[in-house]
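Report on the following structure.
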Amino acid sequence: HVQLVESGGGLVQAGGSLRLPCAASGSILSLHAMGWYPQGPGKQRELAATITSGGTTNYADSVKGRFTISRDNTKNTVYLQMNRLKPEDTAVYYCYARVRKTRYSYDTDAWGQGTQVTVSS
């Protein structure tokens with residue numbers, strides 16, 4: 001069993017910053033890609049940023065230049081640094097990881113429970 005636990009969400013004014021950590025624990029042999037997927041009110045979950053195990057990053061156009069994804073492989077943790085936040089960034093932010101549990105298992109997808117980010121205007 002793999003758990004992803006997000007934290008760091010909250011209420012912030014437009015223009016402010018937040019940092020979201022997500023720690024993975026449980027039956028983990030290796031973590032491949034990790035990422036953050038916000039789901040705004042009445043919207044589908046969408047990609048904000050991803051990072052490979054080697055550190056290659058990918059960002060949605062809407063967050064480029066404002067958000068930075070990083071990871072600490074020694075701690076099985078991924079971070080999302082969010083700067084210059086806008087009201088439209090308001091969403092529940094879900095952490096994602098592609099996981100290999102054992103050397104004999106297939107890779108599987110794991111999701112966190114989500115953390116609420118609210119940006120006031």
For this session: Could you list the square roots of 5 times each eigenvalue of the Cα gyration tensor of the chain, that is, the equivalent ellipsoid semi-axes, sorted largest first and rounded to whole Å?
Result: 26, 14, 12
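Highest mean first, how do 18-25, 94-101, 43-50 rank when packing is the count of other Cβ atoms within 10 Å averaged over residues? Each step should come with its number before you reach the end.
Details: 18-25: 18.5, 94-101: 20.4, 43-50: 15.5.
Result, highest mean Cβ count within 10 Å first: 94-101, 18-25, 43-50.
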Problem set entry | Total lysine pairs whose alpha carbons fall under 27 Å of each other in the chain (8 or more apart, or interchain) | 5
For this session: From zero up to wherever the largest Cα-Cα distance of the range 51-93 sits, split into 5 Å bins and tell me the percent of pairs in each.
Result: 5, 19, 29, 22, 15, 9, 1
Problem set entry | Contour minus Cα-Cα distance for Gln3 and Ser30 (0.36 nm per residue) | 8.4 nm
Exercise. Which of Ile28, Asn83, Leu11 sits closest to the plus end of the dipole of the range 1-89, meaning its Cα is farthest towards the positive end, when Lys and Arg get +1 and Asp and Glu get -1 on the C-beta?
Worked result: Asn83
Seminar exercise, completed: SASA check, Glu88, accessible area w/ 1.4 Å probe, all protein chains in place, rounded to nearest 10 Å², comes out at 130
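The values are calculated or read from the model by the stated rules, or taken from the named source; none is laboratory data. The model shown is predicted, which means the values in this text are computed figures rather than measured ones. Cβ: placed from backbone, ideal geometry, glycine included. Neighbour counts: every protein chain shown. Just so you know, the surface numbers come from the protein's heavy atoms only, side chains and all, with ligands and any DNA or RNA stripped out. Shrake-Rupley method; radii C 1.70, N 1.55, O 1.52, S 1.80 Å.
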